[in-house]
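The values are calculated or read from the model by the stated rules, or taken from the named source; none is laboratory data. All values derive from a computational prediction rather than experimental measurement. Every residue, glycine among them, receives a Cβ derived from its backbone with ideal geometry; neighbour counts consider all protein chains shown. Areas reflect the complete protein model, heavy atoms only, side chains present, ligands, DNA and RNA absent. Shrake-Rupley method; radii C 1.70, N 1.55, O 1.52, S 1.80 Å.
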Amino acid sequence: MNQEIARRRTLAIISHPDAGKTTLTEKLLLYGGALDLAGSVTAKKKQRDTASDWMELEKKRGISISSTLLQFEYKNHKFNLLDTPGHKDFSEDTYRVLTAVDSVIMVIDAAKGIESQTVKLFEICRKQQIPIFTFINKLDRPAKSPIELLDQIEDVLGLHTFPVNWPIESGEFFKGVYDRLNKEVHLFERSVGGIYKAGVSIHSLSDPFFKNLLLENIYKEFVEEIELLDYAHASFDREKIHSGDLSPVYFGSASNNFGIELLLNGFLDYSAPPKPRQVLSGETLSLTDPSFAAFVFKMQTNMNPMHRDRMVFARVCAGKFQRDLKVFHTRTGKEIRLSSAHSVFGNERETIHESYPGDIIGFITNAEFKIGDTISSNPKIVFKKIPRFAPEIFAYIHNINTSQYKSFRKGLDHLLAEDIVQTFQIDNQTQNIPLLGALGDLQFEVLQYRLKDEYGVETRLEVMPWKVLRWLEVPVDKNFLKNKLSYREASGIDDHGKQVVFFNDPWDFNYFSNKNTEIKLLDFLTDY
Ligand code: G4P
């Protein structure tokens with residue numbers, strides 16, 4: 001069991017759209033041996049689109065809404081790669097996926113540096129102390145200087161870096177990288193279209209072949225730069241990597257397959273296997289506990305329109321899963337048999353026979369699951385809740401056709417149970433539908449689309465003016481709070497009864513918090 005756990009690596013790739021996340025995913029699969037030729041993931045994507053229309057919206061918008069699990073074996077390790085939606089509008093789903101991984105690869109476009117979405121996603125990782133590996137991509141194009149890129153990571157994100165490799169020129173002159181830990185120069189050969197692995201030749205820094213490849217002054221500068229790095233970025237501390245305080249940095253080009261193998265090997269060597277997770281009481285549950293236990297981080301209804309089923313994705317945190325295992329849905333106490341647990345590659349399902357901590361299982365159920373729920377063979381095990389992130393847009397949803405009210409209510413209840421948006425109740429308002437909160441418009445679009453597609457109801461959104469929500473760390477008297485708010489602000493509760501305040505913009509929020517320092521406000525909730 002310990003051996004199985006030690007060989008698991010569960011990760012996600014985060015990036016600003018267009019930095020190269022999809023390309024890198026594909027190349028990791030190529031180098032991991034899961035694909036013979038790059039290009040198949042994209043081909044698979046197209047195939048999936050024609051084979052099933054379970055998320056027609058995905059096609060229409062040309063973006064990936066659903067998270068996909070990709071698994072591959074590499075050097076006797078099992079990689080569980082969770083794909084995260086890249087579109088900025090669908091970030092709540094991304095955030096939840098990040099609670100199910102043990103490490104993250106952050107992709108940065110070398111010409112653009114840190115972009116807005118990178119900052120947001122990074123903050124989520126930092127709050128959860130997820131170890132972060134950095135891949136600086138597109139070195140085959142004109143790029144910012146590597147020093148400038150590192151400085152940006154340190155300054156903008158406040159993350160210490162350890163450049164594991166260092167690029168040898170960039171743009172059309174990009175030749176390879178210097179591996180600082182092994183003191184080796186890796187020179188890359190371009191392959192047509194990047195569909196095959198790139199050829200690599202390895203040299204020492206003083207090898208005349210390498211020296212002759214560069215102009216004399218460029219070689220001299222390069223050697224000096226390496227010496228400078230050894231001075232400025234000297235400490236390679238595994239503990240700091242594992243606690244998320246130090247990011248190993250790799251340079252390369254995903255589309256050309258440059259630096260992918262170094263990244264994959266480095267990731268394997270320096271990333272941590274699954275760590276034990278805390279349960280609600282604060283205790284840590286051993287990975288090898290005799291009871292199987294997992295938590296739900298994602299749900300997808302009607303993945304197969306022929307069956308109208310619901311797939312629940314759970315991250316295994318303790319014990320061993322075997323096919324047909326009976327588990328408790330510990331929030332409701334109901335017992336369910338996991339006879340059809342699946343691993344999922346894109347939209348393809350494969351029955352799982354056994355799983356270990358670190359693995360992701362998907363199973364089909366009609367039981368009322370919520371994000372964060374525990375399933376376990378021990379009914380007493382309940383994991384800590386998945387953190388909640390403050391929504392940034394708010395709206396009421398209305399049924400347009402009164403004769404469809406019943407279907408509207410049923411559909412809304414079902415979809416809200418999936419936690420695809422958050423729900424709130426404004427103080428002193430008697431609306432019988434909750435206020436909805438999301439991180440982006442697309443979450444509302446998905447809700448409306450699915451109400452129409454799956455329940456046949458047309459709806460209208462009434463968008464509210466607020467843009468900032470904060471939870472109160474400690475509850476206060478409702479009227480006391482109300483007196484402190486301006487007419488633009490509102491107070492209320494979330495679906496767990498936690499007090500919240502809605503502000504129009506960050507300026508209003510800052511004004512309020514500076515004036516009312518005794519009221520501690522949170523943008524991130526771990527305990528609810
Ligand atoms: P994303 O998932 O982060 O949104 O990015 P994606 O991989 O889709 O890459 C975005 C664009 O950047 C793609 O170009 C991709 O080919 C390109 N790209 C990825 N890695 C590199 C790299 O190392 N060097 C260069 N020069 N380009 C790279 P596209 O034009 O949008 O698509 P395509 O026509 O190439 O498929």
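Here are the numbers for this structure:
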quantity: Residues (open to solvent by 60 Å² or more (accessible area, probe 1.4 Å) and within 15 Å of the ligand (Cβ to nearest atom)) located in the range 113-161; calculated: S116, K120, R141, P142
quantity: Flag for D477 being acidic (D, E), farther than 22 Å from L436 by Cβ and either assigned by TED's automatic domain parsing to the domain that holds D419 or open to solvent by 30 Å² or more (accessible area, probe 1.4 Å) (or both); calculated: yes
quantity: L205 more than 16 Å from the ligand (Cβ to nearest atom), farther than 23 Å from E154 by Cα and surrounded by fewer than 12 Cβ atoms within 10 Å (Cβ to Cβ); calculated: no
quantity: The listed residue being among the hydrophobic types (A, V, I, L, M, F, W, C), touching a helix residue (DSSP H, G or I) at 6+ places or on another chain (Cβ under 8 Å) and assigned to a strand (DSSP E or B), out of L461, L469; calculated: L461
quantity: Matching residues, the range 386-441, being over 28 Å from D527 (Cα atoms) and loosely packed, with under 15 Cβ neighbours inside 10 Å; calculated: H398, I400, N401, T402, S403, Y405, K406, K410
quantity: Condition check for D245: assigned by TED's automatic domain parsing to the domain that holds T330 and either without any contact (Cβ under 8 Å) to a residue 12 or more places away in the chain or not hydroxyl-bearing (S, T, Y) (or both); calculated: no
quantity: Hits in the range 479-492 - residues which are outside any loop (DSSP other than H, G, I, E, B) and under 18 Å from W466 (Cβ atoms); calculated: L481, K482, K484, A490, S491, G492
quantity: Residue in the range 94-101 that is within 14 Å of the ligand (Cβ to nearest atom), modelled with pLDDT under 95 and farther than 20 Å from L262 by Cα present; calculated: yes
quantity: Breaking point among (1) open to solvent by less than 20 Å² (accessible area, probe 1.4 Å); (2) under 30 Å from D102 (Cα atoms), for F210; calculated: (2)
quantity: Residues within the range 310-324 that are at pLDDT below 85, under 24 Å from the mean Cα position of the chain (by Cα) and open to solvent by 10 Å² or more (accessible area, probe 1.4 Å), tallied; calculated: 1
quantity: Filtered residue count, the range 442-460, keeping only those that are within 12 Å of A395 (Cβ to Cβ), open to solvent by 50 Å² or more (accessible area, probe 1.4 Å) and either free of Cβ contacts under 8 Å to residues at least 24 places away in the same chain or more than 27 Å from the chain's Cα centre (by Cα) (or both); calculated: 1
quantity: Subset of the range 1-57 (residues that are away from the ligand (no atom under 16 Å from the Cβ) and at pLDDT 90 or above); calculated: M1, N2, Q3, E4, I5, A6, R7, R8, R9, T10
quantity: Output for the range 242-265, where each listed residue is surrounded by fewer than 21 Cβ atoms within 10 Å (Cβ to Cβ) and away from the ligand (no atom under 16 Å from the Cβ); calculated: H242, S243, G244, D245, N265
quantity: Selection from the range 162-177 of residues that are open to solvent by less than 30 Å² (accessible area, probe 1.4 Å), farther than 29 Å from Q129 by Cα and of a type outside the set (V, I, T); calculated: G171, F174, G176
